[in-house]
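All remarks here apply to the structure that follows.
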Amino acid sequence: MESYILVSAFFIIALIYSSVGFGGGSSYLALLAQPFFALLPETIKPIALLCNIVVVTGGVIIFYRKGELKWKEIWPFLVLSVPAAFIGGYWRLKESTFFILLGITLLLAAIFLWIKPKQNVSKELSLTTLAGLGGGIGLLSGLVSIGGGIFLSPILHLINWSTAKKISALASAFILVNSISGLVGYFSAGGRAVNWGFAGPLLLAVFVGGQIGSRLGSQVFNAIYIRRITAIVILVAAVNILRDHL
């Protein structure tokens, strides 16, 4: 029964998140970290990162083919985020520390998701600022095994960095490279091998959900409603995690 619940939930998460350029890592973690499942960080972290990779890869390909993804626009965000995500993935945290940091991260993610993007507010940021922003989010991404797009995307919307499509495209690429880097860092530090019997059905579910969501895009779902419903769900999950580990 637990397996059916997880597979169904992962499919829905992937479908919804991919429609707005996210991988769903925060929600996979929020779900897997619930005391009901009694899973360790060594089990949770690689699965969340692998699911991210599976979901956003399709979106990155679609955005690239549509011309929304250009290297000259995204490299400043990636130059520090990739090594930072590796360091975060390599860094072995105590179990209690991981869950507390995860709970705090999910609280922040809920706030960022709730924020409604402003319009007609544009601000030019220096390459140093963009690189620093990417590096900071990349480190956090590696530590708690999320892609980081859930933080980067709202910030870019608030400063009106570019069009919604380009921000979604950047978020997808950002999540992809950070998830790969964090996963490499995790295994480089001697992380436990993935239990493919447990992870396989979840990866299949997010692959199907991600393919559907990437093609539907925001044409079907209202992005603001998606963000705020997800924010509430993540907030509840964060409170449950912190309540059990503080």
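The values are calculated or read from the model by the stated rules, or taken from the named source; none is laboratory data. Keep in mind that what you see is a predicted model, and the values were worked out from it rather than measured. With ideal geometry, Cβ positions are generated from the backbone for all residues, glycine too; neighbour counts draw on all protein chains shown.
What number goes with the only condition from (1) surrounded by fewer than 17 Cβ atoms within 10 Å (Cβ to Cβ); (2) more than 17 Å from the chain's Cα centre (by Cα) that residue 240 does not pass?
Every condition holds for residue 240 apart from (1).
Among the listed residues 93, 106, which satisfies the condition of being farther than 14 Å from residue 168 by Cα and buried (at least 21 other Cβ atoms within 10 Å of the Cβ)?
Result of the check over 93, 106: 106.
Look through 29, 50, 15, 39 and report the one residue that is without any contact (Cβ under 8 Å) to a residue 40 or more places away in the chain and not aromatic (Phe, Trp, Tyr).
On inspection, the qualifying residue turns out to be 39.
Looking only at the range 53-103, filter to residues that are among the small types (Gly, Ala, Ser) and either touching a His at 6+ places or on another chain (Cβ under 9 Å) or not in a helix (DSSP H, G or I) (or both); which one of those is modelled with the lowest pLDDT?
67
Can you pull out every residue in the range 174-216 that is of a type in the set (Gly, Ala, Ser) and either surrounded by fewer than 17 Cβ atoms within 10 Å (Cβ to Cβ) or in a loop (DSSP other than H, G, I, E, B) (or both)?
The answer is 188, 189, 190, 191, 193, 197, 199, 200.
So that you can scan it fast, the table gives a plain yes or no per residue for (1) touching a residue at least 12 places away in the same chain (Cβ under 8 Å); (2) closer than 27 Å to residue 82 by Cβ; (3) of a type in the set (Asp, Glu):
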site: 159; (1), (2), (3): yes, yes, no
site: 168; (1), (2), (3): yes, yes, no
site: 198; (1), (2), (3): yes, no, no
site: 207; (1), (2), (3): yes, yes, no
site: 210; (1), (2), (3): yes, yes, no
site: 224; (1), (2), (3): yes, no, no
site: 233; (1), (2), (3): yes, no, no
site: 244; (1), (2), (3): yes, no, yes
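How do the pairs read when you match residues in the range 123-145 that are within 18 Å of residue 27 (Cβ to Cβ) with residues anywhere that are among the charged types (D, E, K, R) and modelled with pLDDT under 95, using Cβ under 7 Å and keeping only pairs 6 or more apart or on different chains?
Cβ pairs passing all conditions: 145/45.
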